[in-house]
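Notes follow the structure.
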Amino acid sequence: MSGAQAIRLRLQAPESLCGSLWMEVADAEVCLRKSGALWLEADGVLAAGDLHLEKGSSYASRGQLLPPYDTAATLDRLEAEVAALNPRVVALLGDSFHDGRATARLAARDAARIVALARSRTLVWIVGNHDREGPGALPGDRADEITVAGLTLRHEPALVPVRGEVAGHLHPCARVAGHGGSVRRRCFLTDGQRLILPAFGSYAGGLNARDQAFAGLFARSPIAGVLGRRVHAIGWGSLTGD
Amino acid sequence: MDGAAPHALPQQFQAWFDSRGWSPRGHQLEMVEAARAGRHTLLIAPTGGGKTLAGFLPSLIELSERPKGNRPRSIHTLYISPLKALAVDVHRNLEIPVSEMRLPITVESRTGDTGVAKRQRQRLHPPDILLTTPEQLALFCAWEGSREYFADLRTVIIDEIHAIHGSKRGDLLNLGLARLQSFAPALRRVGLSATVQDPDMLRRWLAPRPETAHLVRGAPGAPPQVEVLFSKGDVPWSGWTAQHAMAEVLDVIRANRTTLIFVNTRFQAELAFQKLWEINDESLPIALHHGSLAAEQRRKVEAAMARGELRAVVCTSTLDLGIDWGAVDLVIQLAAPKGSSRLIQRIGRANHRLDEPSRALLVPAHRFEVLECEAAREAVAENDLDGEPARLGAHDILAQHVMGVACGEPFAEDDLYAEVLTSEPYSDVTREEFDRVVDFVSTGGYALKTYDRFRRIVKAPKSEKGAGLWRVRDRETAARHRMNVGAIVEIPMLNVRIASSRSGKKIGGRKVGEMEETYLEQLVPGDAFLFAGQVWRFEGITGMDALVTSAPGAEPKVPSWGGSKFALSTYLAKRVRRMICDEDAWTRLPPDMQAWLEIQKARSIIPSDEEMLVEVFQRGKRWYLVAYPFDGRISHGTLTQLLARRLERLGKMPLGFVANDYALAVWTLGPLHDLDMDALFQEDMLGDDLEAWLDESFLMKRAFRQCAVLSGLIERRSPGQEKSGRQVTFSTDLIYDVLRRHQPDHLLLRCARADAAAGSLDVARLGRLLNRIKGRIRPVMLKKVSPFAVPVMLEIGREPVAGGSAQEAILEASAAELIAEALS
């Protein structure tokens, strides 16, 4: 594989402070955070995909009473990233809510946390297929896509190889087999030209990176940035199907 | 043998016994007496003693004596068996007396396989005797109108009670019995059991609290003849396959008519089957039977067995219970049996005639197993069985039952609580615990009260009919519950299908069987593996199918962990310890075993049966600690995890550990010569250390998944879609992580902790072990490895090192590959 030329990783010692993976995507320097968020340092933009807030209560309304803490858990992690990086813009790449009635079910306490996040920075709600209704009364701008550092941030990836796109929607996850078992984790996927973010929501499931849905998105075999104690860069050949 | 007077049976029945040339056995007459006295009764009898007939005889008599009339029929006797196949088999056997005596009795069976039309007919026109499974009983409880349906039920018979009482299935069954008793207060409970160590526990389990079932014992059969195979070749130092003895096993098969070969795991069955056929030059008909084979294939083997066409069947615990085959004249246990009760049950599968002894041959796989097999042989000779502690009913099961009751009819909390207390496993449930379970069923039991409008069961307000009673929210919720009853959680399995190519794409063809997803995940395309007695090449997984192609002659990959899934029982372990320190007993062992023990004595020490030997030595740059608690793989596994944590804290830099049934080893970079052993093995490790480790452990996630499914939090099946096990596994892990952080005392987390502590960790047993060795640790410093240490040391590198860092290690390894790839 000619991955060494095509994908420019900034290799760092594994014990690097925050466990992030720095690399170039379409000439822009990006930082893949172990939380699953994307940090564009030069522009002060933090991006996270597929929060699926209120997925728990969505299931509860249909009879499966999942623990009602998923929204709080997702916001905990988002707040931690905001506190660590102090971004100018927080861009949520769509499917921020699990369904159209999710904002109505949102607890007052959680709504207040979102309001606080939007204070002294710009919150951008990019529209996804689960949340076309938008964020309701919550603060922030709505957009179909935004452009930062030459990268286009949107919800659904275009179905052909494109340069400079960052998207969510597919919830990629990687399975890596090793001695004594296999590990299945959320992951970033990139070929150095475009980037798919993992889902950020606590209850969001994952789709194996080897699934047909990813075929045709990349001009060459992508690498996976697998979430763990740090972001592990793992070659396509090491990923297995479910 | 039978002292009772012949007039104890009605004339019609006595005549039937006479016509068959039989006389009723003592315990059969005692069962009839107990029924006339209206007593709950437990029958303990060995296989081949006419146990099933004894169970049904009172019902047949009662039904034959009922006055003729045209009152509507209802179920008189409900028979419950843990195995579907057994219910069907008993049905067949029961038809014989019914038809030969021309009794006006209808008998039908009902299992998950019964068609819809027949089920509906059974509801409208119930048979006199219905044969079914525990899962169907749970479904009956959730029917509307079940109270009327079972109002005239007189007898419930529970077969193979010893095999079901100590499990979650047993918990659910017992709650179901309490429900039936409230429908039909005069109901008489009858239990049929193989020989057990503690009949009193079963007598309490069977009867409604505070009663105890009357005990009837069948005459014991002739004592079994058990031998241990002292192989002519050297006994291996380690391993679990007993491959060294295959030629001798084949000789034994040749010398007998029909042999059942029991092994402890499916892998072992596949491997033994393969090895036997490699040397089976005469092509003796030897078959394979285990739970993962396609049902059709299993039935073929069973039918061939029943026709007497097979000389041997290699099988797993799937054949521990069930159908009587008569012709088996020898049972071989390949690798040590791990417990005496299981061994006795298996030996009972040979020779179902009471007056002739069953014969069994034990084949140890390595040196410690030679001792263990000897211990098991002695235990069988003394008819000494492993005891099983009484269990507390699981709360996830109680939640499922409460939901089922609400689907059946509205209930009052006070009444249902009183009813639950009559169920033995739940007799200690406090009112507070019960209320928590009801709240869980209704709202999910969360501290954050946001689901009030999504309640699954609701309490009718004062103004309405049935005020203050709980009822199911709506019909749809009830229908969904009924699709999810039962206490069996299937291990996620994939279909193994032969790959066929169609227009360049591989698709699944004929199904060969099912295998655990976790095993298949470890294979990479191209790997060869053994399944269904053949070598296959693994091609990949698509959806729920693992695609394979035939690969005869390829070298199959042996699983890294293939040993016994059963741990050495406390009882047998004690005997092994006693045998080791009794030098007179050594003389009964083969010469290479004697030499092994002598060298151990010379180079290290032989501990007394109350002591625990700990050896410490250095090899290369690593230090090794090898301890010999002889207390079973499961509690050893937990102990090593906790020891490794302690050694980490002491700065000893542990690198890895391994445990088997007899010993455990931990190796470190830091020196171990200065360890305070008493402090290291202090009982207080079962406090915070255990909690901290457990919460991170995959064992907890697995236990949580089971509790989430059984309690109804996650539905296995919902109308219109079958959720695959794979999706369930993933989403419950996410739920576990969130719940653990936000409500660590939630009912389901408590359930999962209790399950993990009792099952996959065996914390109670570890506690007893640490208590036993307190002040009795014998540490020795060695210059080099001792003979005892060799078996466990040989397992190093073959076992995956489990633990929190293992998953990251897999990722690290793959990342390193990438870097190598990028730089090449």
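The values are calculated or read from the model by the stated rules, or taken from the named source; none is laboratory data. Since this is a predicted model, take the numbers as computed values, not measurements. Here the Cβ is made from the backbone with ideal geometry for all residues, glycine too, and neighbour counts use every protein chain on show.
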- [ ] Provide a single number: the residues in the range B:402-428 that are more than 29 Å from the chain's Cα centre (by Cα), away from chain A (no Cβ under 14 Å) and not small (Gly, Ala, Ser).
- [x] 8
Task: Pairs, first more than 7 Å from chain B (Cβ to nearest Cβ) and in contact (Cβ under 8 Å) with a residue 12 or more places away in the chain in the range A:48-75, second in a helix (DSSP H, G or I) and of a type in the set (Ser, Thr, Tyr), C-beta under 7 Å, six or more apart - done: A:Leu51/A:Thr74; A:Leu53/A:Thr71; A:Leu53/A:Thr74; A:Glu54/A:Thr71
TODO: Tell me which residues, restricted to the range B:60-77, are in a helix (DSSP H, G or I) and surrounded by fewer than 23 Cβ atoms within 10 Å (Cβ to Cβ).
DONE: B:Ile61, B:Glu62, B:Leu63, B:Ser64, B:Glu65
Task: Residue in the range B:651-672 that is surrounded by the most Cβ atoms within 10 Å (Cβ to Cβ), counting only those that are at pLDDT 90 or above and farther than 23 Å from B:Trp237 by Cβ - done: B:Leu672
Task: Filter result (touching a strand residue (DSSP E or B) at 6+ places or on another chain (Cβ under 8 Å) and in a loop (DSSP other than H, G, I, E, B)) within the range A:111-132 - done: A:Arg121, A:Val127, A:His130, A:Asp131
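Looking only at the range B:37-80, which residues are at pLDDT below 85 and more than 36 Å from the chain's Cα centre (by Cα)?
Answer for the range B:37-80, where residues must be at pLDDT below 85 and more than 36 Å from the chain's Cα centre (by Cα): B:Pro67, B:Lys68, B:Gly69, B:Asn70, B:Arg71, B:Pro72, B:Arg73.
Residue-wise test of (1) at pLDDT below 85; (2) in contact with an Asp or Glu (Cβ under 8 Å, 6 or more places away or on another chain); (3) in a helix (DSSP H, G or I); (4) surrounded by fewer than 16 Cβ atoms within 10 Å (Cβ to Cβ).
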residue	(1), (2), (3), (4)
B:Ala554	yes, no, no, yes
B:Ala567	yes, yes, no, no
B:Met593	no, no, yes, no
B:Trp623	no, no, no, no
Open item on the list: Filter the range B:205-248 down to the residues that are at pLDDT 95 or above and aliphatic (A, V, I, L, M) and list them by number.
Closed with: B:Leu206, B:Ala207, B:Ala213, B:Leu215, B:Val216
Open item on the list: For the range B:665-690, which positions are more than 13 Å from B:Asn771 (Cα to Cα) and either acidic (Asp, Glu) or under 32 Å from the mean Cα position of the chain (by Cα) (or both)?
Closed with: B:Ala665, B:Val666, B:Asp674, B:Asp676, B:Gly687, B:Asp688, B:Asp689, B:Leu690
Task: Checklist (1) crowded, with 22+ Cβ neighbours inside 10 Å; (2) within 12 Å of chain B (Cβ to nearest Cβ) applied to A:Gly36, failing item - done: (2)
Open item on the list: Cβ contacts < 6 Å: first residue in a loop (DSSP other than H, G, I, E, B), restricted to the range B:249-260; second residue buried (at least 21 other Cβ atoms within 10 Å of the Cβ), any location; separation 6+ or different chain. Result?
Closed with: B:Asn256/B:Leu330; B:Thr258/B:Val328
Open item on the list: Among the listed residues A:Leu75, A:Leu46, identify the single one that is at pLDDT 95 or above, among the hydrophobic types (A, V, I, L, M, F, W, C) and assigned to a helix (DSSP H, G or I).
Closed with: A:Leu75
Open item on the list: Can you tell me which condition A:Val160 does not meet? The list is (1) in contact (Cβ under 8 Å) with a residue 24 or more places away in the chain; (2) part of a strand (DSSP E or B); (3) exposed (fewer than 15 other Cβ atoms within 10 Å of the Cβ), and all the others hold.
Closed with: (2)
- [ ] Would you be able to tell me the number of residues in the range A:191-242 that are over 28 Å from B:Leu520 (Cα atoms) and away from chain B (no Cβ under 13 Å)?
- [x] 10
Task: Scope the range B:429-468; condition modelled with pLDDT under 95 and more than 14 Å from every other protein chain (Cβ to nearest Cβ); matching residues - done: B:Lys459, B:Ala460, B:Pro461, B:Lys462, B:Ser463, B:Glu464, B:Lys465, B:Gly466, B:Ala467, B:Gly468
Task: Residue check, B:Gly533 within 14 Å of chain A (Cβ to nearest Cβ) and at pLDDT 75 or above - done: no
Open item on the list: Looking at B:Trp240, B:Trp277 in this structure, which one is closer than 24 Å to B:Ala528 by Cβ and outside any helix (DSSP H, G or I)?
Closed with: B:Trp240
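Among the residues of the range B:449-469, which ones are in a loop (DSSP other than H, G, I, E, B) and either under 16 Å from B:Val402 (Cβ atoms) or in contact (Cβ under 8 Å) with a residue 40 or more places away in the chain (or both)?
The answer is B:Arg455, B:Arg456, B:Ala460, B:Gly466, B:Gly468, B:Leu469.
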Task: Members of the range A:175-191 that are among the aliphatic types (A, V, I, L, M) and at pLDDT below 95 - done: A:Val176, A:Ala177, A:Val183
Task: Residue list for the range B:742-780, filter: assigned to a loop (DSSP other than H, G, I, E, B), small (Gly, Ala, Ser) and either at pLDDT below 90 or crowded, with 17+ Cβ neighbours inside 10 Å (or both) - done: B:Gly759, B:Ser760
